[in-house]
Every structure is written in structure tokens, then in C-alpha cells.
Amino acid sequence: MRSSRLKIVKTSMLLAAISVLGITSAYASDDQCRELTASGNAEYPPYLWRDPNRPGELAGAVRYLMDDLSDILGLPIRVVDSGPWGRTQEEVAAGRIDLIAGAFFTSARSEWMDYLEPSLMLTQTAVWTADDKEINYSEWRDLIPYQASL
């Protein structure tokens, strides 16, 4: 059951990625597109992390999906470490990176980035606190004054 579920998720992600590539590559003429560049949050295991064996590249589950997609398309996809998450987003917005992995939807990002709808995956996030410390928050920015460990 688990492997068939994983196969369904993987197939769905590949089909969605192909759809995104259709949108992205429509902006470039056929003779210009020789490879695609993908990136994401380099501190987001198991999806992505800095590859200790390949400086400047990322490893993880997304890397495997991009490798599969590259095989299907017959087009190289480099999965690069473009630096901190903020810089990665800037690189995508500037058109220097073609694909971004793990970008949660925000209205601001939707101004410069196309999202797939419906979402392929949902990630739940939880915050634990010590019993004697209650933190009231309604959005991420409310958590800025606090320290956390992962």
C-alpha cells in the first residue's frame, strides 16, 4: 500500500512539474532552452539539503523527482544551491532559476510565480512549547521574537 501511494504521489508530482515546464518554457524559444535550473530551500530535509558530495548542488527527494523529470523530458535539470531561501526566491523572480520546490502559496509570490492548482501536497506544521510558556500567534510573523530548535 505504501509503495503504491508513493508511486501515485511521485507520478502526480511529475505530471504537475511537466505542466509547470510548459508554462515556464513557453517564454523561451525552442533554440534557447538547453537545460532547466531548479532550486529550493537548502535547509528542508528530506526534500532538499546541500549535497556534501556535490558542492553547489542540492540533494534530497526533490532532486530525485527532478532527475526523473529530466529523463522524461530529455532535458537536463540542474538542482542548484542558490543560497538562502530569500535569495532563491529572488533568483526565480528574476528568471535566473526556472523551477522552485517547496514554495508555499502566498499572494505576494503569485505576482511573479505560477502555482499549480490544486496543490499536490499539503504540509502540516506544528509548534510545541514548554508547559509553562504559552505563545499566542495567528501568523508566522508573530513568532519572530521567539527562538526555536528543530
Say we look at the range 98-128 and pick out the residues that are at pLDDT below 85 and more than 25 Å from Y64 (Cβ to Cβ); which of these is surrounded by the most Cβ atoms within 10 Å (Cβ to Cβ)? V127
Quick test for you: out of G74, G83, pick the one residue that is modelled with pLDDT of 95 or more, surrounded by fewer than 17 Cβ atoms within 10 Å (Cβ to Cβ) and at positive phi. G83
Mind telling me which of the residues D132, D98 ends up being out of contact with any Gly (no Cβ under 8 Å at 6 or more places or on another chain) and either farther than 24 Å from L75 by Cβ or of a type in the set (S, T, N, Q) (or both)? D132
Limited to the range 49-69, what total is found for residues that are over 20 Å from D114 (Cβ atoms) and either outside any loop (DSSP other than H, G, I, E, B) or in contact with a His (Cβ under 9 Å, 6 or more places away or on another chain) (or both)? 10
Just for the range 81-104: of the residues that are touching a residue at least 40 places away in the same chain (Cβ under 8 Å) and not in a loop (DSSP other than H, G, I, E, B), which one is farthest from the chain's Cα centre (by Cα)? E91
Evaluate the following for Y146: is it of a type outside the set (K, R), within 14 Å of the chain's Cα centre (by Cα) and surrounded by 11 or more Cβ atoms within 10 Å (Cβ to Cβ)? no
Answer yes or no as to whether A126 is out of contact with any Lys or Arg (no Cβ under 9 Å at 6 or more places or on another chain), without any contact (Cβ under 8 Å) to a residue 60 or more places away in the chain and more than 18 Å from Y44 (Cα to Cα). no
Would you be able to say whether some residue in the range 131-140 is part of a strand (DSSP E or B) and surrounded by 10 or more Cβ atoms within 10 Å (Cβ to Cβ)? no
Given the criteria among the hydrophobic types (A, V, I, L, M, F, W, C), at pLDDT 90 or above and in contact with a helix residue (DSSP H, G or I) (Cβ under 7 Å, 6 or more places away or on another chain), does L48 qualify? yes
If a residue must be more than 11 Å from L36 (Cα to Cα) and out of contact with any helix residue (DSSP H, G or I) (no Cβ under 7 Å at 6 or more places or on another chain), how many such residues does the range 51-73 contain? 16
Could you please find all residues in the range 70-80 being in contact (Cβ under 8 Å) with a residue 24 or more places away in the chain and in a loop (DSSP other than H, G, I, E, B)? L75, P76
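The values are calculated or read from the model by the stated rules, or taken from the named source; none is laboratory data. Note that this is a predicted model, so its numbers are computed, not measured. Note that each Cβ is placed from the backbone with ideal geometry, even for glycine, and that neighbours are counted across all protein chains shown.
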